[in-house]
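Student: Let me begin by handing over the structure; questions about it come next.
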Amino acid sequence: MKDLILKIKNSEFLSPAEVLRLKVSLVMFFLLVFGVLTIPVSFFEDFAIGIRILVPALFFFLFLVTFLFLFFDKPRLAMHFSIYTFIGLTVYYIDGAGQFYGYFLLFITLTIIIFYQDISTYIIYGGALTTYGLYFIQSRTEMYFGTDAAYPELTPLIYQFILAGFFLVFLLYFILSDSINEKLNEEYLKSEKMIERCRSLAIKQSEDIEYSHKTRPYYMDVKFETTVKNISTFIIEKLEQYDSDRPLKAEYDLNEVVDFYFFLHNRDVNRIIDAEEGPSPAKIYARQFSKFLLDKNAEMNTVIFDFLSCFVKPSNNEFKRFRRHIDELFSSKTNRILALCFLYKFLRTEVTQLDKWGRLDVTMTHEEVKQLFQSKQFRQFISFEGMNFFLQNERLFRKHLG
Amino acid sequence: MALSVRENMEYSQVQSDKEAQSKEIFYMRRKAFFVSVVLAVVLVLAVIALYIAEASIASMAIHSLLVMAIIALNLLFFRFPRFFPDIKLAASLTVFGLYLLSLGLILELRVPSIFTILFLSYAIAAIYQEVRSSILNNIALFFVGMIIIFRFPEFFHTDEGITPNTAYLFVFLLVFVALLAISSFILLKRKRYFFKQLGRIKEREHKVIDTVFRLRENYAGQSFNHGDYYDNMESFTAEFSNHIGVKDVFKERIDILRDMGELDAKKLLEKYTDYSIGDLRELAQLELSKNRKMRYVAFQASQAPHIDISKKDMFSERWYPTLNHHKDSWEVQVVAFAVFYAFMKTEKPLNRSITDEEIMEVLSLEEFTGLIHPSILEVFYNNTNKFVEIIEQSFAKEGGQ
C-alpha cells in the first residue's frame, strides 16, 4: 500500500506502461473493496440460488484473471478485464437489485473507464455501457427507478439526459485532451529533433576545428584515452574496496575494455554486433558501448550536451521568449516587414546548410529561400500574408538583402 | 557580472516555467470556450425541465441567470485575455457556480433523479484540467453529495416506495469521488510535468543553437555583423516606401534598433517620445547586437526542412538519456562515467575545463538525478582529490594529441 501511494505521488516520473500498471492495481483495490462490501449484501435480495453462486464466482474469476495479467506484465489486458468485471457488476445490479444503485454504478463504471484515460477504450466500453443504460431506463423506469408523482414524465428524461450528458462531456474532455496532447507532443518533438540536429552539427564542427588546428578529437586523443583508463581503474578498485560482496570484479582486463571502447570509434559498430564470427564478449561490449561512442550523435553526446547546456549563459530576452511566428512576435505590420527582411537576409548570408562533406558551410540561394518561404513547414514562422508580401517584393529582397 | 552555474540554471528554469504556465493558460482559455458551449446546452435543457416541472418564473429566472453568468464569465476570460488574464480564477468560479446551480436544482425539483446533476457538474468542471479547480471540484462533489444524502434522505424516495439505503449511497459516492480524485491527481501531475519538460526543452534548444553560433564565431572566425543587417534593411525599406509612394516609416525604427545597442530604456523613451515602453519592448526583439532572439528564430527556420516528425515518433515512448543502464555491465558503466568525466575536464572547442565543484553542482540538479549509478557517484564524491590528481597526471604526461 505504501509503495502504491509513493507511486501515485511520483506518477509523473513513471512511463506510460508503469502508469497503466498503477491504475490497474488501484482499480483492483477498489474492485475488491466494492465487491466485498456489496456482493454479500445482495444475498438478501430476491435471487435464484444459481445467481447467488454464479455472481460471486464470476466476480472472483474475473478478478483473478485481471490479477494474473497484471502479474505477468500484461497491463493492457488486465485493464480490459478490470473493466469487464465492473461492467458485469453494473449489469448485475441494474438488472437484479436495480433501484438507484444500478444507476449510480453506471457512473462508477464510466469513471473506471475514464480513469484509464484512453479515448478508444472510453468510446467502445463507455459508449456501449451508456447505450445500455439509456435503453434500460427507457424500458424499465417505473419498475426499477420509480417515478415522481409531481412530474412522472420528467424522471426518465432527467436520468437519461444526465447519463448521456456525462458520457458526452467526458467524450469532449477526451477529444480536447487528445488534440492538445498531440499538438504539445509535436512541439516537444520538433524541439527534440532540432536539438538532435544542432548537436550533430556541433559535433561535426568541433571535429573540423580540431583537424584544422592540427589537434585530434577526444576519441583519437591518447591523453584522453589514458585519462579514461586511469579513472576507470581507480573507480573499479574503489568499488571493490567498498563492498567485497558485490560482483564488481571486472571479468576482463579493464585496460583492454577501454581500448576496445576507443577502437569502436569510426567503425561500423553494427557490423561488429551482427557478425556471425568473432568472440561473443566483443559483441556484447560493442552493443553496450555503441550508445556511448563520442563520434556518434547518440546517448553519450546527448548526456554531454545536456550537461554542458547548464554552462551556457541563457538568453536575456524574456519577452515572448519561445515564440517564433512573426505574427505572434509582432503586432505592428512595420515590425513584421522588418522581421521578414531580417529572416531573408539571415537565410541568404549566414551559413546554415551542409556541404557535401556534411559540414555547416553553405548559405541558401534566392531560389531555395523562395521555396522555403512557400513551403508548408514555414507556416510555423510566417503567415500566407508574409509569404505574399515576399513574393510581391521578391526583386527588392534580392537586390538589397541577398 | 557573470552568473554562477546555479544562477544560470535557476534563471533558465524560471523562464521555462513561465513558458509552461503560458502554455497551460493558453489551452485553458480554449477549454473555457468549450465549457461555455456545454453550459449553453445545459441552460436550454434545464429551462425545459423546470418548465415541465412547473417551477415558478422566479426560480427559472434565477437558475437561468446563474448559468448565463457562468457562460459570460468564461467567454470574457476566453475572448479578452488582456483584461481578464487569470483564467484559473474563472475556472474556480465556474466550479463554485456549477455546484451552486446543482444544489439549487436539487432543492427545487426534490426528486432522486436530479441528484446525479452533481456528476454532470463534475464532468463539465473537469474539462479545465487544472489543479486548483480540480481540487475544488472533488471537494465540492463530495461535500454537496454528502449534504444531500445525509441531510435530505427523503429526496431519494419515490412513489413506488423505493428507498435506497443511505449507507450504500455514501459508499457509492465515496468510491466515485475517490476514483475521480486519484485519476485527476495522476493526470494533472503528469500534465504539469510535461508542460515543464516542454519549457525546459525549448530553453535547451536555444542553448544548443548558441553552441553552434559560438563554435562558428570563436573558431571559424565568422562573426555576426549586425550593422550590415541594419544598413541593408534601411535600403530595402527606403526603396519599398518609395515604390508604394508612402513616407518611410521604417527608418526611425531602424535608428531605434541601432540606439538600443547603446542606450537604456529610459534614455530611449526620452529620445523617441512617440513610442511607448510596450512599443519598444516589441521592437527590441529585432535588436541584433545584444539580443539573439531573431537569430534563434532564423536558424530554426533554416533547419525547418530537415526537421521531420513521423507518426511513429509521436507515439513512441519518451526516454531520458543516462549513463546508468542497469542492463549494462559494470565495466561499461564505469568506462562511460570515466569518458564523461574526462570529457568535462578536457579543454576542447566544445567546452572549457569544468571544475569538480561545478560538476557536483550540476549533478545535484533535479533533472540529472539518476544520470550516474549511485555507487560510482559515491566513489566520485568521496575521492574528488584523487580524481583531480589523475587528471593532472594524465595531462602532464608527454605524448598524445
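The values are calculated or read from the model by the stated rules, or taken from the named source; none is laboratory data. Here the structure is a predicted model, which is why all the values come from computation and not from measurement. All Cβ positions, even for glycine, are placed from backbone atoms using ideal geometry, and neighbour counts span all protein chains on display. What goes into the accessible areas is simple: the full protein's heavy atoms, side chains included, and nothing from ligands, DNA or RNA. Shrake-Rupley method; radii C 1.70, N 1.55, O 1.52, S 1.80 Å.
Student: Mind listing whichever residues of the stretch A:363-377 are closer than 30 Å to B:Gly221 by Cα and either open to solvent by 50 Å² or more (accessible area, probe 1.4 Å) or assigned to a helix (DSSP H, G or I) (or both)?
Tutor: Within the stretch A:363-377, A:Thr363, A:Thr365, A:His366, A:Glu367, A:Glu368, A:Val369, A:Lys370, A:Gln371, A:Leu372, A:Phe373 meet the criteria.
Student: Right, something else. Spot the failing condition for B:Asn242; the list is (1) within 24 Å of B:Tyr296 (Cβ to Cβ); (2) more than 33 Å from the chain's Cα centre (by Cα), and only one is missed.
Tutor: Every listed condition holds for B:Asn242 apart from (1).
Student: Here is a follow-up. Just to be sure before I move on: is B:Met344 over 18 Å from A:Val257 (Cβ atoms) and touching a strand residue (DSSP E or B) at 6+ places or on another chain (Cβ under 8 Å) in the structure I sent?
Tutor: For B:Met344, the condition - over 18 Å from A:Val257 (Cβ atoms) and touching a strand residue (DSSP E or B) at 6+ places or on another chain (Cβ under 8 Å) - is met.
Student: Now for a different question. On the basis of being assigned by TED's automatic domain parsing to the domain that holds B:Tyr128 and farther than 20 Å from B:Lys31 by Cα, does B:Ser92 make the cut?
Tutor: So B:Ser92 does not fit the description; no.
Student: Follow-up. Go through A:Glu328, A:Glu318 for me and flag whichever is among the acidic types (Asp, Glu), at the interface with chain B (Cβ under 7 Å from one of its Cβ atoms), within 21 Å of A:Glu187 (Cα to Cα) and under 33 Å from the mean Cα position of the chain (by Cα).
Tutor: Unique residue meeting the criteria: A:Glu318.
Student: Moving on. Which of the residues belonging to the stretch B:116-140 are within 11 Å of another protein chain (Cβ to nearest Cβ), in contact with a Phe, Trp or Tyr (Cβ under 7 Å, 6 or more places away or on another chain) and touching a residue at least 12 places away in the same chain (Cβ under 8 Å)?
Tutor: Hits for the stretch B:116-140 are B:Phe119, B:Leu120, B:Ser121, B:Ala126, B:Ile127.
Student: Right, another one. If we only count helices (runs of 4 or more DSSP H) wholly inside the stretch A:263-347, which ones have 2 or more residues that are over 30 Å from A:Tyr252 (Cβ atoms)?
Tutor: Correct list: A:299-308, A:326-329.
Student: What pairs can you find where one residue is in the stretch B:70-91 and acidic (Asp, Glu), the other is open to solvent by less than 40 Å² (accessible area, probe 1.4 Å), and their Cβ atoms are less than 8 Å apart, with a gap of 6+ or different chains?
Tutor: Every condition considered, the pairs that remain are B:Asp86/B:Phe77.
Student: Does A:His265 count as within 10 Å of another protein chain (Cβ to nearest Cβ), in contact (Cβ under 8 Å) with a residue 12 or more places away in the chain and either on the phi > 0 side of the Ramachandran plot or surrounded by fewer than 18 Cβ atoms within 10 Å (Cβ to Cβ) (or both)?
Tutor: For A:His265, the condition - within 10 Å of another protein chain (Cβ to nearest Cβ), in contact (Cβ under 8 Å) with a residue 12 or more places away in the chain and either on the phi > 0 side of the Ramachandran plot or surrounded by fewer than 18 Cβ atoms within 10 Å (Cβ to Cβ) (or both) - is not met.
Student: Of the residues that make up the stretch B:194-210, is at least one open to solvent by 40 Å² or more (accessible area, probe 1.4 Å) and at pLDDT 90 or above?
Tutor: For the stretch B:194-210, residues open to solvent by 40 Å² or more (accessible area, probe 1.4 Å) and at pLDDT 90 or above: present.
Student: Take A:Leu338 and tell me if it is open to solvent by less than 30 Å² (accessible area, probe 1.4 Å) and among the aliphatic types (A, V, I, L, M).
Tutor: Spelling it out, A:Leu338 is indeed open to solvent by less than 30 Å² (accessible area, probe 1.4 Å) and among the aliphatic types (A, V, I, L, M).
Student: Among the listed residues A:Ser200, A:Ser206, identify the single one that is more than 7 Å from chain B (Cβ to nearest Cβ), small (Gly, Ala, Ser) and assigned to a helix (DSSP H, G or I).
Tutor: So the residue among A:Ser200, A:Ser206 that is more than 7 Å from chain B (Cβ to nearest Cβ), small (Gly, Ala, Ser) and assigned to a helix (DSSP H, G or I) is A:Ser200.
Student: Name the residue, out of A:Ser206, A:Ser212, that is of a type in the set (S, T, N, Q) and under 26 Å from B:Trp319 (Cβ atoms).
Tutor: Of the residues listed, the single one that is of a type in the set (S, T, N, Q) and under 26 Å from B:Trp319 (Cβ atoms) is A:Ser206.
Student: So, one more: Only one residue in A:Leu360, A:Leu354, A:Leu338, A:Leu347 is over 35 Å from the mean Cα position of the chain (by Cα) and either closer than 30 Å to B:Ala220 by Cα or more than 9 Å from every other protein chain (Cβ to nearest Cβ) (or both), so which one is that?
Tutor: A:Leu338
Student: Let me ask you something else. Could you grab me the full set of residues in the stretch B:95-108 that are open to solvent by less than 70 Å² (accessible area, probe 1.4 Å) and either closer than 21 Å to B:Ala123 by Cα or not assigned by TED's automatic domain parsing to the domain that holds B:Glu154 (or both)?
Tutor: Of everything in the stretch B:95-108, those that are open to solvent by less than 70 Å² (accessible area, probe 1.4 Å) and either closer than 21 Å to B:Ala123 by Cα or not assigned by TED's automatic domain parsing to the domain that holds B:Glu154 (or both) turn out to be B:Val95, B:Gly97, B:Leu98, B:Tyr99, B:Leu101, B:Ser102, B:Leu103, B:Gly104, B:Leu105, B:Ile106, B:Leu107.
Conditions (1) under 24 Å from B:Leu174 (Cβ atoms); (2) touching a His at 6+ places or on another chain (Cβ under 9 Å); (3) at pLDDT 90 or above; (4) surrounded by fewer than 21 Cβ atoms within 10 Å (Cβ to Cβ), marked per residue:
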position	(1), (2), (3), (4)
A:Leu89	yes, no, no, no
A:Gly96	yes, no, no, yes
A:Gly102	yes, no, no, no
A:Ile114	yes, no, yes, no
A:Ile119	no, no, yes, yes
A:Gly127	no, no, yes, yes
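Student: Just a yes or no: is a residue in the stretch B:67-81 open to solvent by less than 10 Å² (accessible area, probe 1.4 Å) and among the polar types (S, T, N, Q)?
Tutor: Looking through the stretch B:67-81, at least one residue is open to solvent by less than 10 Å² (accessible area, probe 1.4 Å) and among the polar types (S, T, N, Q).
Student: Just to be sure I understand the filter: pairs with C-beta atoms under 6 Å, separated by 6 or more residues or on different chains, first member in the stretch A:209-221 and outside the structural domain of A:Phe292 (by TED's automatic domain parsing) and among the hydrophobic types (A, V, I, L, M, F, W, C), second member in a loop (DSSP other than H, G, I, E, B) and surrounded by 14 or more Cβ atoms within 10 Å (Cβ to Cβ). Which pairs pass?
Tutor: Partner pairs satisfying both residue conditions: A:Ile209/B:Tyr219; A:Ile209/B:Pro349.
Conditions (1) more than 26 Å from B:Met9 (Cβ to Cβ); (2) out of contact with any Phe, Trp or Tyr (no Cβ under 7 Å at 6 or more places or on another chain); (3) surrounded by 16 or more Cβ atoms within 10 Å (Cβ to Cβ), marked per residue:
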residue: B:Asp264; (1), (2), (3): yes, yes, no
residue: B:Ser276; (1), (2), (3): yes, yes, no
residue: B:Leu280; (1), (2), (3): yes, yes, yes
residue: B:Glu287; (1), (2), (3): no, yes, yes
residue: B:Ala304; (1), (2), (3): yes, no, yes
residue: B:Pro321; (1), (2), (3): no, yes, yes
residue: B:His326; (1), (2), (3): yes, yes, no
residue: B:Val335; (1), (2), (3): yes, no, yes
residue: B:Gly370; (1), (2), (3): no, yes, no
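Student: Could you check, for the stretch B:272-289, whether at least one of its residues is outside any helix (DSSP H, G or I), over 33 Å from the mean Cα position of the chain (by Cα) and under 21 Å from A:Lys345 (Cα atoms)?
Tutor: No: zero hits.
Student: Continuing with this model, one more query. When the residues of the stretch B:168-193 are filtered to those that are among the aromatic types (Phe, Trp, Tyr), over 26 Å from A:Ala17 (Cβ atoms) and at the interface with another protein chain (Cβ under 7 Å from one of its Cβ atoms), which remaining residue is surrounded by the fewest Cβ atoms within 10 Å (Cβ to Cβ)?
Tutor: So the residue we want is B:Tyr168.
Student: Pick out the one residue from B:Ala284, B:Ala298, B:Ala304, B:Ala336 that is modelled with pLDDT of 90 or more, facing chain A (nearest Cβ under 10 Å) and over 30 Å from A:Ala339 (Cα atoms).
Tutor: Result: B:Ala336 is the single residue among B:Ala284, B:Ala298, B:Ala304, B:Ala336 that is modelled with pLDDT of 90 or more, facing chain A (nearest Cβ under 10 Å) and over 30 Å from A:Ala339 (Cα atoms).
Student: Name the one entry in B:Ile359, B:Ile309, B:Ile376, B:Ile391 that is open to solvent by less than 70 Å² (accessible area, probe 1.4 Å) and part of a loop (DSSP other than H, G, I, E, B).
Tutor: Of the residues listed, the single one that is open to solvent by less than 70 Å² (accessible area, probe 1.4 Å) and part of a loop (DSSP other than H, G, I, E, B) is B:Ile309.
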